Structures are given as structure tokens and as C-alpha cells.
Amino acid sequence: MSETTSGIRSVLSLPAVYELAQRAIGARRGRDRFVAQYVRPESGMRVLDIGCGPGTILDHLPPTDYLGFDISEAYVQAARERFGARATFQACGIDDFDPAALGDEPVDRVLSRGVLHHVDDRTADALFALAARVSGPGTVVITMDPTLHAGQHPVAAWLAHRDRGEAVRRPEEYAAFARTHFAEVDLHLHTDLLRVPYSHAVVVARGPRG
């Protein structure tokens, strides 16, 4: 994993501190827009959330058949304490997750927010390989990560360079991983999802290859 966990940024590994920081920058509003524009959830959908963190996306979803996993046991424990009655959580990494936990049917949505910029190229490819493995013809895979791009607000660029994740990429670099495993890939750049200047790359993939 390409991540800085030392110094002041180490406190963001604590779920309560992470949530406080997210509220301060307006992340809830950003999640509302992300869900409304890209996830478009319906009751009863089957959802896999890769790198689910403390499970806060569930605040924005109707009742779903949701399974989230995250490498942080602290985040997973926080998610179970808050959302355990309506969702399933596992503490594991991308390489350790067993798709059999989802059963035989494909999922409707695969979500991964803020994961790709924390991992190396091999793991980023493995994330989309896993997403393709659990996808069917109607599955939509959506990822969102901080990004670097031409004409970027200098504050947004500074924040991206200071992120705990040490693999912040340009938008097309994120999309390239998806194109290896999916036939249809759309790329979107957002610069207004938070209260502070910040750039997000959203990748939407459909049609698993093979």
C-alpha cells in the first residue's frame, strides 16, 4: 500500500478523527452528489464496497444487500458498530477478499471511493479485476479518487500532494486500469464536491471483459 501514516496524518487512521475531518470539508454533500449522479441506488440492490472505511456511504443508500471490506480493522469495527444491523463488513485487503462471500449472483454496484490513490499499480489492477469478476451485464462499477490535472487550482494540487495516499494519479491513469477489464469506461472530473478546492476523478465502468 502506498500511504503515509506517520506524523499528523496518522490521526486520520482513527475513525472518529477521520469523520470529523470529512464533515469539516463538506464530504457529506459530496457523497450525496456522488450517490445521486453515479450510484443511483434502488432498494434491494446488491452492493460491494471495496475500501468501505467506516461505512458512511450507507447514510446515503436505501436498504440494500451491502457488503463492504476494508484493510483497516479500526474502520471496519466502527462500521459494524454503526451499521452492523443493515450491512456486512469484512476486515481484509483486495488480495484477501473471497468473492464467494457474495454468492453466485453478480452484484448491481461495485463502489470504491478513495482507494486507488492509496495502492500501487498491481493492486489497482487487482481492484478492477475483482470488480469484473463479481460483475454481470448490468453491473456498474464506480471509483472516485483525488487527482492531478492541467489547470488545477493550486490549493487542490497542494492537498492532493499532501494526501495520505502516495499514488495520486491523473484522471486517465485511473481509467486505464478499468479499461483492461471493462469494455465501457467513462471518466469524469469534479472540482466542486467539497467546501475546499479539491479535484476528484470518477471512473464509471460497465461490461466486464471475458
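Here H181 fits the description: more than 16 Å from the chain's Cα centre (by Cα) and within 20 Å of Y38 (Cβ to Cβ). Screening E166 on (1) over 21 Å from F34 (Cβ atoms); (2) modelled with pLDDT of 95 or more shows it passes everything except condition (2). Every test in (1) closer than 26 Å to Y198 by Cα; (2) open to solvent by 30 Å² or more (accessible area, probe 1.4 Å) is passed by H60 save one, and that test is (2).
Specify which of the listed residues (R33, R86) is assigned to a helix (DSSP H, G or I), surrounded by fewer than 18 Cβ atoms within 10 Å (Cβ to Cβ) and either at positive phi or not small (G, A, S) (or both).
Just a single option satisfies the conditions, and that option is R33.
P62 fulfils the conditions (1) of a type outside the set (S, T, Y); (2) closer than 23 Å to E166 by Cα; (3) assigned to a loop (DSSP other than H, G, I, E, B) except for a single criterion, (2).
Of all the residues in the stretch 36-48, those that are loosely packed, with under 13 Cβ neighbours inside 10 Å and among the basic types (K, R) number 1.
Going by the conditions given, is V76 closer than 26 Å to R164 by Cβ, in a helix (DSSP H, G or I), touching a residue at least 24 places away in the same chain (Cβ under 8 Å) and out of contact with any Pro (no Cβ under 6 Å at 6 or more places or on another chain)? Reasoning before the result, please.
On the way: closer than 26 Å to R164 by Cβ: yes; in a helix (DSSP H, G or I): yes; touching a residue at least 24 places away in the same chain (Cβ under 8 Å): yes; out of contact with any Pro (no Cβ under 6 Å at 6 or more places or on another chain): yes.
Taking the combined requirement at face value, the residue satisfies it.
You will find that of Y66, Y18, the residue that is surrounded by 15 or more Cβ atoms within 10 Å (Cβ to Cβ) and either of a type in the set (V, I, T) or modelled with pLDDT of 95 or more (or both) is Y66 and no other.
The values are calculated or read from the model by the stated rules, or taken from the named source; none is laboratory data. Bear in mind that the values here come from a model prediction, so they are computed numbers and not experimental data. Because the Cβ atoms are built from the backbone with ideal geometry, glycine has one as well, and the counts that use them run over all protein chains shown. Just the protein is used for accessible areas: all its heavy atoms, side chains included, with ligands, DNA and RNA removed. Shrake-Rupley method; radii C 1.70, N 1.55, O 1.52, S 1.80 Å.
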